[in-house]
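The values are calculated or read from the model by the stated rules, or taken from the named source; none is laboratory data. Because the structure is predicted, anything quoted here is derived from the model rather than measured. Counting neighbours? That spans all protein chains shown, and the Cβs are built from the backbone with ideal geometry, glycine included. Remember, those area values only see protein heavy atoms, side chains included, never the ligands or the DNA or RNA. Shrake-Rupley method; radii C 1.70, N 1.55, O 1.52, S 1.80 Å.
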Amino acid sequence: MNNLQGIISKSVNNAKVQMEKLGVITGSAANYTTDAYKTPRFDTYVLADGRIAGTERYDYSQGSFYKTNRELDVAIEGQGFVPVTTREGKIAYTRNLSMKTTNEGLLVMGDGSVIGSGIKVPTESTKIRITPEGKIISYDPKHLEGIEIGKLPLVKFNNYEGLEQGDFNKVYETEESGKPILVSNHTAFTQYGLERSNFNWYDAVNETLRLNASLTASTSIIKLTNEIYQQAISLEQ
């Protein structure tokens, strides 16, 4: 009797973990069009008692570049993040550099987070150029050759999987991720475009089909074992 209960318990647990994994996949699919979105993966492993457990990790590989022709859209080539200050005053990091200016000319993200340490675009500016090194050059009738008004800082981390996920496609440093490391010499920025999500539809469909088959098997085992369990109870009575 105890063996039957154990089989049912393990099967229910395994089916639950598989459903969690399916939930991660569907959540990622919903963010397919989110610029610079990093896809989580749900890694499973078998415990000593035969139960399945899982943990969520993130794939920080780069998504493909696409052109937008907006001068305040910037993509990052390779690893790295740009630090921002949230409305709550916290320091966060992002790769989703679809920027805009406030009424005061401050360069911010779509949710209002301030880019870098605060970069202000002059009201008379008619054009903005952002170099691969991150220099922000403003042009106006008085400065036809342009003037540098700031620079996009680029930082990296020793352990990307240790980063804490935040809202609006931002991440936060943790003890596990380590402190951000400022990258001084690089040509990582590309203006007039953004980074796509790194979500892979083919991998997601294949994994969903595999999970569907596994869930079908698990629920069949639960159903069959439960029937045997109920019959055993009836015989005891």
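Some points to look at:
- Cα shape, region 36-165, gyration tensor, a/c 1.5 rule: prolate
- In a reduced charge model with +1 at each Lys and Arg Cβ and -1 at each Asp and Glu Cβ, region 110-187 shows a dipole moment near 420 debye about its Cα centre.
- Sparsely packed GluC sites (Glu not before Pro) within region 96-197, loop by DSSP, other Cβ within 10 Å at most 13: Glu104, Glu124, Glu175, Glu176
- When the listed pairs Lys127/Lys179; Lys16/Lys90; Lys21/Lys67; Lys38/Lys127; Lys21/Lys179; Lys100/Lys135 are checked against a 24 Å cut-off, the alpha-carbon distance exceeds it for Lys127/Lys179; Lys16/Lys90; Lys21/Lys67; Lys38/Lys127; Lys21/Lys179.
- Only Lys, Arg (+1) and Asp, Glu (-1) charged, at Cβ; region 29-128 dipole about Cα centre in debye: 60 debye
- Every Cα-Cα pair of the chain was included, and the share exceeding 22 Å stands at 62 percent.
- Region 1-109: trypsin sites (Lys or Arg not before Pro) in DSSP coil with no more than 10 other Cβ atoms inside 10 Å: Arg87
- The residue list Phe81, Pro153, Gly134 was ranked by how far each Cα lies along the charge dipole of region 23-175 toward its positive end, using unit charges on Cβ atoms, and Gly134 comes out on top.
- Simple point charges give the picture: +1 on the Cβ of Lys and Arg, -1 on the Cβ of Asp and Glu, and for region 22-76 a dipole about the Cα centre of about 60 debye.
- Accessible surface for the chain, divided over its residues, is 57 Å² per residue with a 1.4 Å probe.
- Prolate/oblate/rounded call for region 92-154, Cα gyration tensor, a/c under 1.5 rounded: oblate
- Overall form of region 143-204 per C-alpha gyration tensor (a/c, 1.5; a/b vs b/c): oblate
- Cα-based reach from Lys151 at 14 Å (exclusive), listing aspartates and glutamates while leaving out same-chain residues under 8 positions away: Glu133
- When a 1.4 Å probe is rolled over the protein heavy atoms, the share of accessible surface on the chain that falls to carbon and sulfur comes to 51 percent.
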